[in-house]
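The block underneath contains the structure these notes are about, expressed in structure tokens.
The values are calculated or read from the model by the stated rules, or taken from the named source; none is laboratory data. Since the model is a prediction, treat every value here as computed from it, not as a measurement. Cβ placement follows ideal geometry from the backbone for every residue including glycine, while neighbour counts extend to all protein chains displayed.
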Amino acid sequence: MVWPVLIGLLVVCFGGVLLVGAPYLPTLSPQIKEALELAELKKGQTLLELGCGDGRVLIAAAKSGAQVIGYELNPLLYMFAWLRTRRYRSQVCVRWGNFWRASWPPADVIFVFLLPKYMSKLDKQCMRYPYMPITLVSIAFPIASRQPQASRHSIYLYRYGD
């Protein structure tokens, strides 16, 4: 009786996020390093990660001296990321919830690994972001209607409000 409940919970937690974002797929360390370099994230700046998964991007950004805020909808991944980032609690804030419905805090860089069908919506949200200028870094998927400012190894960089 316990196994069907656990399997159902996992399906809801990991499959339910497909309705608003992307499935959990960890960002690889070389991608994280390349993305943070491309974004030119500096010590003291703030990175906002929309869909922070297991927290590995949050940790890498914190290690570089950045302040970091991550949103995660999957409650299991949220708890894992929160636990994993506790060592950096003065720099990292992990929030549980749907980032599309949240009021995004001020940030210098927004980091995403979303599905292509959400990139246009993200572009519109970034254009309305009240804290300009903002740099958007997208892993794997470009914004179809916008030319990236720079790109390397399927990592796309966009600037808004320059």
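Of note:
- All positions within the range 60-69 that are in a loop (DSSP other than H, G, I, E, B) and surrounded by fewer than 23 Cβ atoms within 10 Å (Cβ to Cβ): Ser64, Gly65
- Residue match in the range 70-88 (condition: touching a helix residue (DSSP H, G or I) at 6+ places or on another chain (Cβ under 8 Å), within 19 Å of Glu37 (Cβ to Cβ), surrounded by 15 or more Cβ atoms within 10 Å (Cβ to Cβ) and modelled with pLDDT of 95 or more): no
- Within the range 105-116, the set of residues being surrounded by fewer than 18 Cβ atoms within 10 Å (Cβ to Cβ) and either over 19 Å from Pro26 (Cα atoms) or among the aromatic types (Phe, Trp, Tyr) (or both) comprises Pro105, Pro106.
- Yes/no for Leu136 being surrounded by 18 or more Cβ atoms within 10 Å (Cβ to Cβ), on the phi < 0 side of the Ramachandran plot and in contact with a Ser or Thr (Cβ under 8 Å, 6 or more places away or on another chain): no
- Selection within the range 28-41 - touching a residue at least 40 places away in the same chain (Cβ under 8 Å), part of a loop (DSSP other than H, G, I, E, B) and either surrounded by fewer than 23 Cβ atoms within 10 Å (Cβ to Cβ) or in contact with a Pro (Cβ under 6 Å, 6 or more places away or on another chain) (or both): Glu40
- Looking across the range 89-102 at every residue that is under 22 Å from Arg128 (Cβ atoms) and of a type outside the set (A, V, I, L, M), the one that is surrounded by the fewest Cβ atoms within 10 Å (Cβ to Cβ) is identified as Arg101.
- Conditions (1) within 20 Å of Tyr131 (Cα to Cα); (2) of a type in the set (D, E, K, R); (3) in contact with a strand residue (DSSP E or B) (Cβ under 7 Å, 6 or more places away or on another chain); number of the one not met by Lys121: (3)
- The test for being touching a residue at least 12 places away in the same chain (Cβ under 8 Å) and touching a Lys or Arg at 6+ places or on another chain (Cβ under 7 Å) does not hold for Gly51.
- 1 or more residues closer than 14 Å to Leu47 by Cβ and out of contact with any Phe, Trp or Tyr (no Cβ under 6 Å at 6 or more places or on another chain): qualifying strands (runs of 3 or more DSSP E) within the range 76-157: 92-96, 109-112, 134-139
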